[in-house]
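Written below as C-alpha cells is the structure these notes are about.
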Amino acid sequence: MTRPATRVPGPLLVPAALGVAFLVLPLLGLLVRTPWSQLAGQLAEPAVGQALRLSLVSATLATALSLVLGVPLAWVLARSRARGRSVLRALVTVPLVLPPVVGGVALFLVLGRQGIVGSWLDDAFGITIPFTTAAVVIAETFVAMPFLVISVEGALRAADSRFEDVAATLGAGRWTTFRRVTLPLVAPGIAAGAVLCWARALGEFGATITFAGNFPGTTQTMPLAVYLALQRDPDAAIVLSVVLLAVSLATLLLLRDRWLGRAGAA
Amino acid sequence: MRPLLVLLAAAALLAGCGADDPDADRPGGTLTVYAAASLIDVFERVEAAYRERHPDVDVDIGYLSSAGAATAISQGAPIDVFASADERQMQVVADAGLAEDPQVFAENVLTLAVPEGNPAGVTGLADLAREDLAVALCAPDAPCGAAAERLLAAAGVTARPDTYEEDARATLQKVELGEVDAALVYVTDAAARQQTVDAIEVPEAAAAANRYPISVLAGARDPAAAQAFVDLVLSAEGRELLRDAGFRTP
C-alpha cells in the first residue's frame, strides 16, 4: 500500500490547513478551558456515569437497528430497478435536512400517545413510547440511519457488480449472492457507515430531548446532560463534553483497529 | 461647478437632519432583548407598544430559557436588556458584572396543567405522585423548575415526573401534545393556551411565586433605547399588560 510520498499541491495546502484549524481549534478551546481539577469529581457523580452509559447503550442499539433496516434499504436504493427510487432516496434522507427538533415533533405525531401508530399501541397493548429509553433509541435511529444508508449505498454503487453476476452464473441464489458476495464486498463501507451512524447517534440532542424528554437514567443522554449543565454550571458542562469526546474517540479508534483492520486504516 | 455641488450636498444633509429634528431626544438604533420563555405572549404586546412609541428603534426580542439566556449573556452575547423569570438567573448576570439595576416587574405562580378535558382525572398536586400518570416538570435549573421544587416541598408531595423539560414553554408543549397527563406550568402559560390546556388551580402555589427581574445590561449599544424598554415594562401601561396576561405586579 505504500506509495511514493506525494507533495501536496500548493493551492490545496492553504485551504486544507485552514480546514484543520477550523475543525480543531474549537476542540482545543474546550481542552484549554477544561477545569481538570473537576474531572475526577464529575466522573464520580453517579448521574454522569448513568448518562454516559445510557448514551453508549442507546447509540449502539440505534446503530444495530440502523444496520438491520438500513443495509437492506441501501441495497434496494443501489441495486433494484424499481421505479421511484430517486423519490425514495430523497425521502429516506429527509432526516438529514430536517432540524432534529422537528424530527422529534414528527415522531410524536406518529409514535406519541396521541400519534397515528402510538395511540393504537397504547389502546391495544398499553405501550407508550415517549419518555422511555426506547424513545431515545428511536429518536437516534431516525436521525442517524440516513448516514448509514448513504454510506452503504455509495459502497454498493462503487462495488463491481460483475462479482455478483459471476456468483449468479455459478448457481448462487440471490440471497446467497447477497450474503456471500455482496456483503463481504461492501463490508468496509458498512463499517464506515456504522461508525458514522454511531457517532451521529451519540451526539443526538434535538430529537431526543423533544421525543424522549429528559430524565436521569432513562432518557438523559450525555448531550442532554451537557446542555442542561451549561445552564447551571458551564465548567461542569465543559468537563462533561470532554468526557463524552474522550469516550467516543477511544471507542472509534478501538473499533477502527479491530473491525476495519488494515483496509480501514489505509 | 464645484462649490455648487458642495452646497447641494450640504442642503441635502440639512434636509435629512431636518426630518429627524422634531424628536431629537428620541432613542434610535437597535434594541436586543433576551426574555424568559414564559414572557413571550405579554412581551409581544409590550414590543408592539414600544414600536408605536419608538418607531425608529429596531427591536428584536429573543425568548429562551432564563438559564440559557443568563449563560449566553455572561459569555458575552451582545444583548441590551434581560428579563429573567427568577432572581437567581439575574444574579448570574449580575455576578458577571453585567446587570446594571435589576428591578422586579412581575410575579408568576404555578398551576397544574392537564390536556383539554383532563383525560387522566387529575384533581390536585397529590396526583403528581401517581405512578400511572405521565408527568412533566421543568428542569430544576429552570426558574419554573425551582418554583416547582419549592411548591412540591411545601405541599409535601414527592412527584414522579417522566421528564424534566428545559423551560416553561417546553413543559407546556408536552401537555398541549397530550403526551403527559399533568405538568406544573405558570398560570400565565396555561391562560395563554386555554384552547388546548385546562388549568387546575393549586392553592399552595401562591407561596412559591417566582419574581421576574428586568435590567438594562452593561454595554447596551443604545442605553436610552434600552432604558425606555425597561421603563415601559415598569410603567402603568406595562403593568396592565402583565396583569392582563395573568402575572401579578408589585
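The values are calculated or read from the model by the stated rules, or taken from the named source; none is laboratory data. Treat the numbers as computed from the prediction; the structure is a model and nothing was measured. Cβ coordinates were reconstructed from backbone atoms using ideal geometry, including for glycine residues, and neighbour counts include every protein chain displayed. Side chains included, ligands, DNA and RNA excluded: accessible areas come from the protein's heavy atoms. Shrake-Rupley method; radii C 1.70, N 1.55, O 1.52, S 1.80 Å.
A few comments on the model shown:
- Residues whose placed amide H lies under 5 Å from that of residue B:62, excluding near-sequence neighbours: B:33, B:34, B:35
- Distant alpha-carbon pairs in chain B (separation over 23 angstrom), percent: 54
- Exposed loop sites here mean trypsin sites (Lys or Arg not before Pro) with a DSSP loop assignment and at most 16 other beta-carbon atoms within 10 Å; chain A contains its longest site-free run at A:84-266.
- The charge dipole of the protein assembly as shown, taken about the Cα centre with unit charges on the Cβ atoms of Lys, Arg (+1) and Asp, Glu (-1), comes to about 3520 debye, rounded to the nearest 20.
- In this structure, the amide hydrogen of residue A:220, modeled 1.01 Å from its nitrogen in the peptide plane, lies closer than 5 angstrom to those of A:215, counting only residues at least 5 positions away or on a different chain.
- Count Lys and Arg as plus one, Asp and Glu as minus one, and take only other residues whose Cβ is under 14 Å from that of residue A:193; the net charge is then +2.
- Helical segments meeting 24 Å axial Cα length and Kyte-Doolittle 1.6 threshold in chain A (DSSP H): A:10-33, A:234-255
- For the range B:238-246, Karplus couplings with θ = phi - 60° (6.51, -1.76, 1.60), whole Hz, Gly/Pro x: x, 4, 5, 4, 5, 5, 4, 7, x
- The HN-Hα couplings worked out from phi for the range B:103-111 by the Karplus form 6.51 cos²θ - 1.76 cosθ + 1.60 (θ = phi - 60°) are 10, 6, 10, 7, 10, 9, 10, 8, 9 Hz, whole numbers, x standing for Gly and Pro.
- Rounded tilt (10° steps) of B:40-53 against the dominant C-alpha axis of chain B: 20
- Sites residue B:107 and residue A:256 - FRET efficiency at Förster radius 51 Å, r taken between beta-carbons, to 0.05: 0.35
- C-alpha center-to-center spacing [the range B:78-134, the range A:111-181] in angstrom: 42
- Over the range A:45-220, relative contact order from alpha-carbon pairs under 8 Å, at least 6 apart, %: 39
- Centroid-to-centroid separation of the range B:37-64 and the range B:159-211 [C-alpha atoms, Å]: 24
- Dipole of the protein assembly as shown computed with +1 at Lys/Arg Cβ and -1 at Asp/Glu Cβ about the Cα centre; of A:188, B:202, B:246, farthest Cα towards the positive end is A:188.
- Percentage relative contact order, the range B:110-208, counting C-alpha pairs under 8 Å, at least six apart: 45
- Three-way shape call for the protein assembly as shown based on the alpha-carbon gyration tensor, with the a/c threshold at 1.5: oblate
- Environment charge at residue A:92 (Cβ cut-off 12 Å; Lys +1, Arg +1, Asp -1, Glu -1): +1
- Accessible surface, 1.4 Å probe, highest first, among residues B:204, A:164: B:204, A:164
- Residue among B:39, A:118, A:59 farthest towards the positive dipole end of the protein assembly as shown, charges placed on Cβ: A:59
- Against chain B, whose longest principal axis is taken from its Cα atoms, helix B:223-234 shows a tilt of about 40°.
- At full extension, residue A:7 and residue A:123 could sit 35.2 nm farther apart than now, given 0.36 nm per residue minus the alpha carbon distance.
- For the protein assembly as shown, accessible area per residue (1.4 Å probe, heavy atoms of protein chains only), Å²: 50
- Take every Cα pair under 8 Å whose residues are at least 6 apart in sequence, average their separation, divide by the length of chain B, and the relative contact order is 28 percent.
- Per-residue mean of C-beta atoms belonging to partner chains within 10 Å, peptide A:205-216: 3
- Within-13-Å neighbourhood charge of residue A:234 [Cβ basis; K, R +1; D, E -1]: -2
- Residues A:142, A:178, ordered by accessible area of protein heavy atoms at a 1.4 angstrom probe radius and largest first, appear as A:142, A:178.
- Amide H partners (placed H, <5 Å) of residue B:163, local residues excluded: B:135, B:137
- Inter-label distance, nm, simple model (7 Å from Cα along the C-beta direction), residue A:109/residue A:83: 2.8
- Partner chain coverage, peptide A:123-131 - average Cβ within 10 angstrom: 2
- Percent of alpha-carbon pairs separated by more than 33 Å within chain A: 34
- Inter-label distance, residue A:158 to residue A:179: 2.7 nm, where each label sits 7 Å from its Cα along the C-beta direction.
- Shielding by partners - mean other protein chain Cβ count within 10 Å, residues of B:59-67: 1
- Rounded percent of accessible protein surface that carbon and sulfur make up, the range A:73-216, 1.4 Å probe: 68
- Most to least accessible of B:186, A:227 (protein chains only, probe 1.4 Å): A:227, B:186
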